[in-house]
1. Do the conditions hold for residue 112, that is, is it more than 23 Å from residue 39 (Cα to Cα), in contact (Cβ under 8 Å) with a residue 60 or more places away in the chain and of a type in the set (A, V, I, L, M, F, W, C)?
2. Out of the residues in segment 37-58 that are among the hydrophobic types (A, V, I, L, M, F, W, C) and in a helix (DSSP H, G or I), state the one that is nearest to residue 123 (Cα to Cα).
3. May I ask you to list the residues in segment 104-119 that are in contact with a helix residue (DSSP H, G or I) (Cβ under 8 Å, 6 or more places away or on another chain), over 25 Å from residue 41 (Cβ atoms) and buried (at least 16 other Cβ atoms within 10 Å of the Cβ)?
4. Here's a check for you: in segment 59-75, which residue that is in contact with a Ser or Thr (Cβ under 9 Å, 6 or more places away or on another chain) and part of a helix (DSSP H, G or I) is surrounded by the most Cβ atoms within 10 Å (Cβ to Cβ)?
5. For segment 74-95, indicate whether the set of residues that are β-branched (Val, Ile, Thr), out of contact with any Phe, Trp or Tyr (no Cβ under 9 Å at 6 or more places or on another chain) and more than 18 Å from residue 192 (Cα to Cα) is non-empty.
6. So which of 191, 160 is surrounded by fewer than 18 Cβ atoms within 10 Å (Cβ to Cβ) and either more than 17 Å from the chain's Cα centre (by Cα) or β-branched (Val, Ile, Thr) (or both)?
7. Looking only at strands (runs of 3 or more DSSP E) that lie completely in segment 76-192, which have at least 2 residues being farther than 17 Å from residue 49 by Cα?
Amino acid sequence: MKTTQYQPAAAETLCGDSFWHLRILDNPVRRYLQNPEKILKGRVNRGMTALDIGCGPGVFTRTLASMVGEGGSVIAVDLQDGMLRHARKRSADHPYGSRITWHQCRPDTLQLSTPVDFALSMYMVHEVPDRERLFSEVYGLLRPGGRYLVVEPVFHVTRESFIETEEIAVRAGFHVAERPAFSLSRSILLER
């Protein structure tokens, strides 16, 4: 797998290194309201290769790494260098830390070619300027039968906007496997 040495803009670096931004994304209250184990249960199995798109501080990345087991792997992708550094540091001392590959993407592409069994985008698709490209790229990375869980915040994404996101995913080749209900979220499980 090729990794990128993308240099973030000053605003991205500042946001990624911000203590308060990290505390909002990685704290016990969020983990309680959006429990990674409950959200991912039954969707991720041992031996899988999982992709965490927009991994942020790595809350879901660490859970994915635990769930895929010794024979599995996780690719954690983020645009912000500060988020990747924080997530890598938080995962370094855990027994599953070696299962995680950290990858800094570019604003216009994930720049990945490794096939995956499962992909996750937690609260980030609404920030992507070209959702068509994102869904097409993820579709191409997923193995046949692979699944992609998209979870968006109800406070940023309207019902109409989420329906549009689903339509874009279907045009990219996905079919809807499930519409799970998670706290404070709009969610869809897509399948290749």
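1. On the way: more than 23 Å from residue 39 (Cα to Cα): yes; in contact (Cβ under 8 Å) with a residue 60 or more places away in the chain: yes; of a type in the set (A, V, I, L, M, F, W, C): yes.
Yes: the conditions hold for residue 112.
2. Looking only at segment 37-58, we keep the residues that are among the hydrophobic types (A, V, I, L, M, F, W, C), and these are 39-40, 44, 48, 50-51, 53, 55.
Still in the running and in a helix (DSSP H, G or I): 39-40.
Working: 39: 13, 40: 14 Å.
Per the criteria, the residue is 39.
3. Listed by number, the residues that qualify are 104, 110, 112.
4. Applying the first criterion (in contact with a Ser or Thr (Cβ under 9 Å, 6 or more places away or on another chain)) to segment 59-75 yields 61-62, 65, 68, 72-75.
Checking which are part of a helix (DSSP H, G or I) leaves us with 61-62, 65, 68.
Values: 61: 32, 62: 24, 65: 25, 68: 23.
Out of the qualifying residues, it is 61.
5. no
6. Working: 191 fails: either more than 17 Å from the chain's Cα centre (by Cα) or β-branched (Val, Ile, Thr) (or both).
Unique residue meeting the criteria: 160.
7. Values: elements: 100-104, 116-122, 142-153, 175-178, 185-191.
Because the criterion is at least 2 residues that are farther than 17 Å from residue 49 by Cα, the strands (runs of 3 or more DSSP E) in segment 76-192 that meet it are 142-153, 175-178, 185-191.
Computed from the coordinates by the stated procedures, all read-outs in this text should not be read as laboratory data. In this text, all values refer to a predicted model and were calculated from it rather than measured experimentally. Virtual Cβ from ideal backbone geometry, glycine too; neighbours counted across all protein chains shown.
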